[in-house]
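Q: Dropping the structure in here first, questions after.
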């Protein structure tokens, strides 16, 4: 089925470790983004991309890197995990244009100990 | 900057009750407005949207009308079911740049009891 696929679904990291959260979409969406969801804070934008080779920072980019080498994939890299990065991470994609809604992945629950 | 304010939850209702979840926004232009729903353990799903003033979005018995004069986009449903229990997010399209970023409210938890 067409959609946004995120892996892994769950991850436990030790402080200082690095990892990559994977996101792939098969809808040929130009726009992709990463959010983190924390209790009482809604969703906060980490990074986004308007097309292959183009990325930009969102509201809370520190400690995260992204790249977009293909239209389909938009991985999120944690460089040196910290307990403050314990959260649920969502990838979302859409067609370009402000009237389109997002399609979200099912999320990655990350715990940093 | 642009922002979205939702009523705080949780909202607890009995089955078949009428639902209203308030959403107001602040924006310098005329954004598109969205409601998303998140069921337990899942990602967000687009529930409905409205792209201009006085538009009414509707889906699965839920409705919301884009009110420019009151800068509101309240979510309503005439008769809720237990299966409607979820977190509901109001969002607007950010007009500050050339991208289609969304700004989300903090979410409202709805719990429907049988």
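Please treat every number below as a calculation from the coordinates, not as lab data. Remember, predicted model here, so these are calculated numbers, not experimental data. Virtual Cβ from ideal backbone geometry, glycine too; neighbours counted across all protein chains shown.
Q: Could you list B:14, A:49 in order of exposure, starting from the residue whose Cβ has the fewest other Cβ atoms within 10 Å? Let's see the in-between values first.
A: On the way: B:14 10, A:49 21.
Listed from fewest to most nearby Cβ atoms, that is B:14, A:49.
Q: Next question, about the same structure. Test of understanding: in a Gaussian network model of chain A with alpha carbons linked when under 10 Å, which of A:53, A:97, A:16 would top the mean-square fluctuation ranking?
A: In the Gaussian network model the winner is A:97.
Q: OK, next. For B:103-110, what's the mean count of beta carbons from other chains sitting within 10 Å of each residue's beta carbon?
A: Mean shielding count: 3.
Q: Checking the a/c ratio against 1.5 first, then a/b against b/c, what shape does the Cα gyration tensor give for chain A?
A: Prolate is the answer for chain A, as a/c is 1.5 or above and a/b outweighs b/c.
Q: Mean-square fluctuation check for chain A, GNM, Cα pairs under 10 Å: which of A:86, A:20, A:70 is largest?
A: A:70
Q: To continue, here is another question. Within chain A, what percent of beta bridges assigned by DSSP are antiparallel, to the nearest 5?
A: Expressed as a percentage, antiparallel bridges in chain A total about 90.
Q: Partner chain Cβ atoms within 10 Å, averaged over the residues of A:36-43 - can you pull that number for me?
A: 5
Q: Could you tell me whether region B:39-114 comes out rounded, prolate or oblate from its Cα gyration tensor? Rule is a ≥ b ≥ c as square roots of the eigenvalues, rounded for a/c under 1.5, then prolate if a/b exceeds b/c, otherwise oblate.
A: Judged from the Cα gyration tensor, region B:39-114 comes out oblate (a/c at least 1.5, b/c at or above a/b).
Q: Quick one: of the DSSP bridges fully inside chain B, what percent are antiparallel, nearest 5?
A: If we restrict to bridges inside chain B, about 90 percent are antiparallel.
Q: Cα centroids of region B:1-77 and region A:40-93: how far apart, whole angstrom?
A: Cα centroid of region B:1-77 versus Cα centroid of region A:40-93: 26 Å apart.
Q: For a quick check: sort B:109, B:75 by the number of other beta carbons within 10 angstrom, fewest at the front.
A: With the sparsest Cβ surroundings first, the list reads B:109, B:75.
Q: If you take each beta carbon of peptide B:38-48 and count the beta carbons of other chains within 10 angstrom, what is the mean?
A: Details: counts 5, 0, 0, 5, 4, 15, 12, 4, 6, 1, 1.
Partner Cβ neighbours, averaged per residue: 5.
Q: Mind telling me which of B:25, B:39, B:66 comes out most flexible in a GNM of chain B, alpha-carbon contacts under 10 Å?
A: Evaluated over chain B, the most mobile residue of the options is B:39.
Q: Taking square-rooted eigenvalues a ≥ b ≥ c of the alpha carbon gyration tensor, is region B:11-64 rounded, prolate or oblate, where a/c under 1.5 means rounded and, failing that, a/b exceeding b/c means prolate?
A: Verdict is prolate for region B:11-64.
Q: Once you keep just the Cα pairs under 8 angstrom separated by 6 or more residues, what percentage relative contact order results for region B:18-114?
A: 30 percent
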